[in-house]
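Please read the structure below before turning to the comments.
Just so you know, all these numbers are worked out from the coordinates, no wet-lab data involved. Keep in mind that what you see is a predicted model, and the values were worked out from it rather than measured. Counting neighbours? That spans all protein chains shown, and the Cβs are built from the backbone with ideal geometry, glycine included.
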Amino acid sequence: MTAAIVPAPGIPRKGPLWGSTYWLFNLGAEVYAWFTSSAAWRASCARLAARLADLDSAWIADLGCGPGVSTFQLARQLPTARLVGLDLAPRMLREARRAASRESARITWVQADAASLPFQKASLDACTGHSFLYLVANRAGVLSEVRRVLRPGGRLVLMEPNDEPATVARTLRVSRDPRHLVSISLWRPFSRLHGRFTIGTLSATLAASGFVKCRVEATFGGLGLLAQAEAPA
């Protein structure tokens with residue numbers, strides 16, 4: 001399971017990595033784990049995982065895995081995949097490891113910065129990120145790292161917040177679960193602060209970083225965008 005993983009560089013305890021976003025997600029890990037455990041959030045993760053259904057015994061890194069909801073869904077739908085859940089926040093990974101004892105022992109959890117991925121060049125078949133890239137300050141740098149670690153033709157699948165308006169009716173059509181309503185009430189203003197995507201801007205962001213076959217479509221009741229792209233062959 002560790003063949004593709006190399007020692008991660010030390011994570012600096014100053015600078016942008018340790019800014020307000022990091023501390024907010026680290027300290028709020030238990031709350032984040034609660035509201036992302038909703039059926040609606042898991043269903044969104046399932047749609048992301050379905051984009052990799054044809055990969056057999058693949059190496060997959062789930063970037064910004066948080067408490068592991070998306071990683072566990074990958075494990076359920078891809079029973080032969082070798083999975084790495086990667087996050088910067090140690091408390092998020094602690095929540096993931098707690099759930100892992102009940103969900104899956106096939107996942108390796110790694111604390112690392114996505115701008116310096118602890119994987120060998122061309123060692124992964126796919127990378128995923130569920131509500132991840134919008135939080136990244138240096139998106140070009142992270143996407144460059146993803147390209148480095150993906151094999152030629154390797155796949156990147158992302159779910160990101162849609163810049164389209166999120167009406168109450170649209171939100172309720174997805175789910176009336178209180179956990180879902182809490183998640184959207186936090187996700188929408190937070191993503192507005194950090195920068196949402198449109199279909200055009202997300203596709204252009206991936207293409208500008210050298211990815212090919214970029215496809216983006218609305219998902220999560222129009223609240224999110226599901227993107228798929230490949231590393232050039």
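Simple spin-label model, 7 Å along Cα-to-Cβ: Ala207 to Arg76 in nm?
Once both label points are built, they end up 3.5 nm from each other.
Working out 0.36 nm times the residue gap between Arg170 and Thr198, then minus their Cα-Cα distance, what length gain in nm do you get to one decimal?
Full extension from Arg170 to Thr198 adds 8.4 nm.
Give the shape of the stretch 75-212 as rounded, prolate or oblate, defined through the alpha-carbon gyration tensor: a ≥ b ≥ c are the square roots of its eigenvalues, a/c under 1.5 means rounded, and otherwise the shape is prolate if a/b is larger than b/c and oblate if not.
Numbers: a/c = 1.85, a/b = 1.18, b/c = 1.57.
In terms of gyration-tensor shape, oblate.
For a paramagnetic label modelled at 7 Å from the Cα of Glu217 toward its Cβ, which residues of the stretch 36-61 fall within the zone defined by backbone nitrogen distances under 20 Å?
Those under the cut-off are 40-55.
For Arg192, what charge total do you get from the other residues with a beta carbon under 15 Å from its beta carbon, if Lys and Arg give +1 and Asp and Glu give -1?
-1
Considering only the other residues whose Cβ falls under 14 Å of the Cβ of Thr80, what net charge follows from Lys and Arg at +1 and Asp and Glu at -1?
Its environment carries a net charge of 0.
Tally Lys/Arg at +1 and Asp/Glu at -1 over every other residue whose Cβ is under 11 Å from the Cβ of Gly221; what's the total?
Here the count lands on +1.
Based on the alpha-carbon gyration tensor of the stretch 25-68 and its eigenvalue square roots a ≥ b ≥ c, which shape applies: rounded if a/c is under 1.5, prolate if not and a/b is larger than b/c, or oblate?
Because a/c hits 1.5 or more and a/b fails to exceed b/c, the stretch 25-68 counts as oblate.
Can you tell me the mean projection area, over all orientations, of the convex hull of the chain's alpha carbons? Units nm², please.
Computed as one quarter of the Cα hull surface, the answer is 11.3 nm².
What percent does the relative contact order of the stretch 16-230 come to when contacts are Cα pairs within less than 8 Å and at least six residues apart?
20
Just subtract the alpha-carbon distance of Arg179 and Gln111 from 0.36 nm times their residue separation and send over the number in nm, one decimal.
Values: separation 68, 0.36 × 68 = 24.48 nm, distance 2.64 nm.
This chain segment gains 21.8 nm when fully extended.
When the chain is fully extended, how far beyond the present Cα-Cα distance does Glu30 get from Asp54, taking 0.36 nm per residue of separation?
Working it through step by step, the gained length comes to 5.3 nm.
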